[in-house]
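Notes follow the structure.
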Amino acid sequence: MALVTSPIKQLATFTSQTAGLEKTLRLIQATSQVVGELSHDKGVARQWLTARDQLALGRRYFRLLDFYGCFERAHALTSSGSSSSRGMILRTMEMAEYTFLGLYLLLENLTILHDMNVHHVSWYRPLLTEANKFWFYALVLSITRATWELLFTSSSPRKSETEKGETRVADGRAKSALVQRIVIDACDLTLPGSFIGWVPVTGLQIGIAMVVSTLLAGHGVWVAQQR
């Protein structure tokens, strides 16, 4: 008989691992932004937005060396994958995506002492603007790649009925994952887009989009960690 794990135990398991803890902090950060933007009391709004800023800074410690993994992934893609024109296009987009994401993370790291109020620099805003442009490019490429796969990737028709049934289920799950990735990336696009002035959204809209993307991404992490 399978044991039923309590919600508290599940939450403890989720937050005891890096990915789960980061997503939890991100959700609290997004919620803080929404509450701060909705508050009519300036003092209360300032408190919530201060909490948002501190949570955003804390989350940056989790990704200090993530740029290395992005560059490693981009390098691996230069010598792997399909030789077909369609496969090469997808591989090139993915390689560019991880390169841009790595550049964003690397440049963002150079501003962390400024955000910690340890060492202020005059080039903080220009550098962070360029970093967010790279993040924006990476998200656009991710959305484009997922849309391409959703529209043009299909399975071979030469299969038995049983195999076709299993393939339809697998294809359905794959398509669902692609749609989810598009929604997550589209929501996250508001963050760098608003920072560099390319996406006209309010602080409240950014907060709501962040809540949506965090819940969707966090659910995948939750399911994986509870197995």
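The values are calculated or read from the model by the stated rules, or taken from the named source; none is laboratory data. Note that the structure is predicted; figures quoted are calculated from it, not measured. Every residue, glycine among them, receives a Cβ derived from its backbone with ideal geometry; neighbour counts consider all protein chains shown. In case anyone asks, the SASA skips ligands and DNA or RNA and just uses the protein heavy atoms, side chains included. Shrake-Rupley method; radii C 1.70, N 1.55, O 1.52, S 1.80 Å.
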Please calculate the 1.4 Å probe accessible area of Cys70, with all protein chains present, and give it to the nearest 10 Å².
10 Å²
More than 20 Å apart - percent of Cα-Cα pairs taken over the range 65-140
40 percent
Pop the C-beta distance of Glu149 and Val212 into the FRET formula with R0 = 22 Å and round what comes out to the nearest 0.05.
0.50
Give me the orientation-averaged projected area of the Cα convex hull of the range 24-112, in nm², one decimal.
7.6 nm²
Nitroxide proxy distance, nm - points 7 Å out along Cα→Cβ at Leu64 and Gln17
2.3 nm
Sum up the charges of everything whose Cβ sits under 12 Å from the Cβ of Ala146, counting Lys and Arg as +1 and Asp and Glu as -1, but leave Ala146 out.
-1
Could you tell me the ratio Rg/Rh of the chain? Both radii from Cα atoms, Rh via Kirkwood.
1.02
Rounded to the nearest 500, the 222 nm mean residue ellipticity computed for the chain from DSSP H runs (n ≥ 4, each -39500 (n - 2.57)) alone is -26500 deg cm²/dmol
So what is the relative contact order for the chain, in percent, with contacts set as C-alpha pairs under 8 Å and at least six apart?
24 percent
Could you provide, to the nearest whole Å², the per residue accessible area of the chain with probe 1.4 Å?
60 Å²
Please give the net charge around Leu215, taking every other residue with its beta carbon less than 13 angstrom from that of Leu215, where Lys and Arg add +1 and Asp and Glu add -1.
+1
Could you work out how far apart the two model spin labels at Asp53 and Arg125 are, taking each label as a point 7 Å from the Cα in the direction of the beta carbon, and quote it in nm?
1.5 nm
Considering the chain as a Gaussian network with a 10 Å cut-off on Cα pairs, which listed residue, Leu27, Leu90, Leu113, attains the greatest mean-square fluctuation?
Leu113
For the range 65-140, whose charge dipole is built from +1 on Lys and Arg Cβ atoms and -1 on Asp and Glu Cβ atoms, the candidate among His119, Asn132, Thr99 with its Cα farthest towards the positive end is Thr99
How far apart, in nm, are two points set 7 Å out from the Cα along the Cα-to-Cβ line at Asp41 and at Val118?
3.5 nm
Hey, what do the phi angles of the range 23-40 turn into as Karplus ³J(HN,Hα) couplings, whole Hz, using 6.51/-1.76/1.60 and θ = phi - 60°, x for Gly and Pro?
5, 5, 5, 5, 5, 5, 4, 5, 5, 4, 5, 4, 5, x, 6, 7, 5, 8
Count the net charge of all other residues whose Cβ sits under 9 Å from the Cβ of Asp115, scoring Lys and Arg as +1 and Asp and Glu as -1.
0
Can you give me the % of accessible surface on the chain that is carbon or sulfur? Probe 1.4 Å, all protein chains present, nothing else counted.
63 percent
